[in-house]
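The values are calculated or read from the model by the stated rules, or taken from the named source; none is laboratory data. What you are looking at is a predicted structure, and each value in this text was computed from that prediction instead of being measured. Neighbour counts run over all protein chains shown; Cβ positions are idealised from the backbone, glycine included. Note: areas computed on protein heavy atoms with side chains; ligands, DNA, RNA excluded. Shrake-Rupley method; radii C 1.70, N 1.55, O 1.52, S 1.80 Å.
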Amino acid sequence: MAFRAELSAFLQGIEKRAFKQAVYALRNEDAALDAVQDAMLKLSVSYGDRPANEYPMLFQRILQNVIYDALRRQKVRNAWTTLLSSFVGDGEEDADNDPLDTIAGIPEGDQPDTPHRQYEQARVLEAIEREIARLPNRQREAFLMRYWQEMDIAETAAAMGCSEGSVKTHCSRATQTLAAALRAKGIVL
């Protein structure tokens with residue numbers, strides 16, 4: 001039971017700093033409080049029996065993951081809210097309309113209208129995914145955070161535990177490698 005006392009003392013000592021960190025990242029006190037509580041719970045449940053000297057490192061990684069998950073959910077929620085709100089009219093007569101009723105299909109020029117075109121698009125996506133998987137770990141991590149998760153350089157550097165210059169270097173090398181590999185396969189984007 002000594003580990004419970006150590007864990008409790010650690011969590012009491014870290015809670016204020018963790019909350020400030022989460023508030024800075026999430027810009028919302030309620031979301032930050034939820035993130036800190038989730039991180040504390042995950043540390044307690046999954047790693048509570050570990051030595052006390054491992055708590056700081058484990059907690060920081062868990063808190064960062066919880067924050068990134070919250071940011072991703074927030075980004076998706078904001079995208080859908082913005083998308084659907086553009087279909088709602090300003091007048092009261094539009095109050096009963098369902099925004100989903102007004103969504104048109106994919107524009108004609110963007111539709112993969114033939115099985116051949118659908119196959120070609122799938123083939124290109126598979127090639128891109130294969131080439132991304134072949135990148136060195138740090139390059140792949142930086143590339144995905146920057147361009148697929150749309151994190152800025154500072155966020156990516158903090159998540160990767162490196163400098164912003166290293167993130168730029170990893171991203172540059174990754175894009176050059178991907179472009180060359182895809183060009184060699186006859187794929188030009």
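Within the stretch 112-135, residues that are on the phi < 0 side of the Ramachandran plot and in contact (Cβ under 8 Å) with a residue 12 or more places away in the chain sit with their Cβ atoms under 7 Å from residues that are open to solvent by less than 80 Å² (accessible area, probe 1.4 Å) and of a type in the set (S, T, N, Q), at 6+ positions apart or across chains, in these pairs: Leu135/Thr177. Remark: Leu125 falls outside the filter, which requires a residue to be at pLDDT 80 or above, in a helix (DSSP H, G or I) and in contact with a helix residue (DSSP H, G or I) (Cβ under 7 Å, 6 or more places away or on another chain). Residue pairs whose Cβ atoms lie under 8 Å apart, separated by 6 or more positions or on different chains, with the first residue in the stretch 166-189 and closer than 25 Å to Thr156 by Cα and open to solvent by less than 70 Å² (accessible area, probe 1.4 Å) and the second aromatic (Phe, Trp, Tyr) and part of a helix (DSSP H, G or I), are His170/Phe143; Cys171/Phe143; Cys171/Tyr147; Ala174/Phe143; Thr175/Phe143; Leu178/Phe143. Applying the criterion of being open to solvent by 70 Å² or more (accessible area, probe 1.4 Å) and touching a helix residue (DSSP H, G or I) at 6+ places or on another chain (Cβ under 9 Å) to the residues of the stretch 5-27, the residue that is farthest from Ala158 (Cα to Cα) is Glu6. Scan the stretch 139-160 and tell me whether some residue there is over 26 Å from Gln74 (Cβ atoms) and open to solvent by 50 Å² or more (accessible area, probe 1.4 Å). No, that holds for no residue.
The listed residues are Asp69, Asp30, Asp49, and the only one of them that is part of a loop (DSSP other than H, G, I, E, B) and of a type outside the set (A, V, I, L, M) turns out to be Asp49. The single condition among (1) modelled with pLDDT of 85 or more; (2) assigned to a helix (DSSP H, G or I) that Cys162 does not satisfy is (2).
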